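Only one structure is covered here, and it is reproduced in the block below.
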Amino acid sequence: NATHEHVARSKQFLADFCLLSQELHHEFAEKENVQVQKRGVMMHCTTQSAFDHEKELAQMANDVGLKASVHEIEELDEMDPKVKHAGRGAVYFPDDSFMNPNEFILAIKQALEGLGVTILYEQEVVGFDKSVNKINSVRTVSAEFFADEIVLATGAFTPPVAKLLGNRLLIE
């Protein structure tokens, strides 16, 4: 689904999804006292291909009502002469925001633990016990864990873990 055609057909949905995601991140950050910088994000590009890609994203963002502006390298030098800019240029998304990812992840961990979630580390998943439409347990090298619901949130390890379930996921 990562073709240009599919993305073009889905761009309004993707924009709405991103806005909702941002809103939920801000809500959570406020509740958990995580500092959010709401001053936009500047995507600096060192190569022409990266700059061309960001310019396409900027156009797509503007098409769906999100603000984005493209700045050639010379313009960046004029905008902030105290900084030596390198590369090809940048795209600025003024309504975007950022936070310290370590603080955010720590806040998520603490919030989950406050809800009674137990987080286990270094538990290599080696298999699952399944019935027709349900995963009954997760087996690791050292234990078996039973749960009513299981969330597969293994990042870069998702494809090999999903393969243990008989699923082929195309995720990098």
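Out of region 85-138, which residues are assigned to a helix (DSSP H, G or I), within 26 Å of C45 (Cβ to Cβ) and open to solvent by 80 Å² or more (accessible area, probe 1.4 Å)? Give the steps one after another, and end with the answer.
Just the residues of region 85-138 that are assigned to a helix (DSSP H, G or I), to begin with: 101-114.
In the following step, the residues that additionally are within 26 Å of C45 (Cβ to Cβ) were identified as 101-102, 104.
Those that are assigned to a helix (DSSP H, G or I), within 26 Å of C45 (Cβ to Cβ) and open to solvent by 80 Å² or more (accessible area, probe 1.4 Å): P101, N102.
Residues in region 156-166: is at least one small (G, A, S) and under 25 Å from the mean Cα position of the chain (by Cα)? Give the derivation first.
Filtering region 156-166 for residues small (G, A, S) gives 156, 162, 166.
Imposing the further condition that a residue be under 25 Å from the mean Cα position of the chain (by Cα) reduces the set to 156, 162.
Yes, there is a match, as at least one residue in region 156-166 is small (G, A, S) and under 25 Å from the mean Cα position of the chain (by Cα).
Taking region 25-63 on its own, how many of its residues are hydrophobic (A, V, I, L, M, F, W, C) and either farther than 16 Å from M99 by Cα or open to solvent by 90 Å² or more (accessible area, probe 1.4 Å) (or both)? Don't jump to the end; show me each part of the working.
First, pick out the residues of region 25-63 that are hydrophobic (A, V, I, L, M, F, W, C): 28-29, 34, 36, 41-43, 45, 50-51, 57-58, 60-61.
From what is left, the residues that are either farther than 16 Å from M99 by Cα or open to solvent by 90 Å² or more (accessible area, probe 1.4 Å) (or both) are 45, 50-51, 57-58, 60-61.
Total satisfying the criteria: 7.
Out of all the residues in region 85-97, is one or more in contact with a Phe, Trp or Tyr (Cβ under 6 Å, 6 or more places away or on another chain) and closer than 30 Å to L112 by Cβ? If you could, list the steps in order and put the result at the bottom.
Going residue by residue through region 85-97, those that are in contact with a Phe, Trp or Tyr (Cβ under 6 Å, 6 or more places away or on another chain) are 88-89.
Those still in the list that are closer than 30 Å to L112 by Cβ too: none.
Checking region 85-97: not a single residue is in contact with a Phe, Trp or Tyr (Cβ under 6 Å, 6 or more places away or on another chain) and closer than 30 Å to L112 by Cβ.
Select from region 150-172 the residues that are in contact with a strand residue (DSSP E or B) (Cβ under 6 Å, 6 or more places away or on another chain) and part of a helix (DSSP H, G or I) and list them in ascending order.
Hit for region 150-172 is V161, nothing else.
The values are calculated or read from the model by the stated rules, or taken from the named source; none is laboratory data. This is a predicted model, so every value here is computed, not measured. Every residue, glycine among them, receives a Cβ derived from its backbone with ideal geometry; neighbour counts consider all protein chains shown. Calculation scope for accessible area: heavy atoms of the full protein, side chains included, ligands and nucleic acids excluded. Shrake-Rupley method; radii C 1.70, N 1.55, O 1.52, S 1.80 Å.
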